[in-house]
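The values are calculated or read from the model by the stated rules, or taken from the named source; none is laboratory data. The structure displayed is predicted, hence computed values, not measured ones. FYI the Cβ positions are ideal-geometry reconstructions off the backbone, even for glycines, and counts take in every protein chain you see.
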Amino acid sequence: MREDSVAFSLRPGVHEDYAALYRLDQACFAPGIAWSKAELEYFLKYPGNLSIVAEDEAGRIVGFAIAGRQRRQGALLGRLITIDVDAALRRRGVGRRLLGEIETQFRGIGAVAVLLEVAVDNTAAQEFYVRHGFARTGRIPGYYLGRIDALAMEKPLG
């Protein structure tokens with residue numbers, strides 16, 4: 001595992017980032033699992049959703065995260081929609097910082113937990129989330145492409 005960090009900064013995502021975010025998402029996930037153009041645009045524009053972009057010193061987008069809000073039994077929850085990191089920069093702190101910023105923003109609005117789904121065959125992502133305090137809470141049959149199960153995961157925000 002690479003421990004060296006890369007120089008990058010975080011900022012809110014803006015509409016002008018859309019094309020770069022779409023390309024990165026397509027590179028990070030298999031066809032059918034990656035978001036379509038319409039889905040990604042919807043998540044970016046949906047009122048109340050958070051989008052955080054990581055860019056390197058040259059202004060190149062090296063990662064991003066999108067999250068939304070939902071309620072469960074009256075409690076406000078965050079729902080992580082995606083974290084995408086350029087494959088060449090994984091395990092160098094980008095995903096960790098994106099996740100940390102999403103969690104900070106959710107704590108700031110009173111969310112009590114963050115939820116997510118991850119493909120059962122994406123062990124690297126599962127390990128990342130477990131290292132960052134998420135626990136498996138269930139399994140969703142056929143969540144991806146109607147044939148790949150997802151693990152539901154949750155992290156309390158204390």
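Take the residues in the range 101-140 that are touching a residue at least 40 places away in the same chain (Cβ under 8 Å) and of a type in the set (Val, Ile, Thr), then tell me which one is surrounded by the fewest Cβ atoms within 10 Å (Cβ to Cβ). Among them, the one singled out is Ile109.
Could we say that Gly133 is touching a strand residue (DSSP E or B) at 6+ places or on another chain (Cβ under 8 Å), of a type outside the set (A, V, I, L, M), under 23 Å from Glu16 (Cβ atoms) and in a loop (DSSP other than H, G, I, E, B) here? Talk me through it step by step, then tell me what you get.
Details: touching a strand residue (DSSP E or B) at 6+ places or on another chain (Cβ under 8 Å): yes; of a type outside the set (A, V, I, L, M): yes; under 23 Å from Glu16 (Cβ atoms): no; in a loop (DSSP other than H, G, I, E, B): yes.
Judged against the criteria, Gly133 is not a match.
Across the range 55-71, the number of residues qualifying as surrounded by 11 or more Cβ atoms within 10 Å (Cβ to Cβ), of a type outside the set (S, T, N, Q) and over 12 Å from the mean Cα position of the chain (by Cα) comes to 6. Of all positions in the range 71-78, at least one carries a residue that is in contact (Cβ under 8 Å) with a residue 40 or more places away in the chain and touching a helix residue (DSSP H, G or I) at 6+ places or on another chain (Cβ under 8 Å). Scanning the range 13-61 for residues that are in contact (Cβ under 8 Å) with a residue 24 or more places away in the chain, assigned to a helix (DSSP H, G or I), more than 20 Å from Ala119 (Cα to Cα) and of a type in the set (Gly, Ala, Ser) turns up just one, Ala20. Taking every residue in the range 141-155 that is farther than 12 Å from Leu116 by Cβ and outside any strand (DSSP E or B) and pairing it with any residue that is at pLDDT below 95 and β-branched (Val, Ile, Thr), at least 6 positions away or on another chain, the pairs with Cβ-Cβ distances below 9 Å are Leu145/Ile33.
Put simply, of Ile52, Ile81, Ile61 the only residue that is within 18 Å of Gln126 (Cβ to Cβ) and either among the charged types (D, E, K, R) or modelled with pLDDT of 95 or more (or both) is Ile81.
Under the condition of being touching a Leu at 6+ places or on another chain (Cβ under 9 Å) and surrounded by fewer than 16 Cβ atoms within 10 Å (Cβ to Cβ), which residue from the range 32-46 is farthest from Ala65 (Cα to Cα)? Out of the qualifying residues, it is Gly32.
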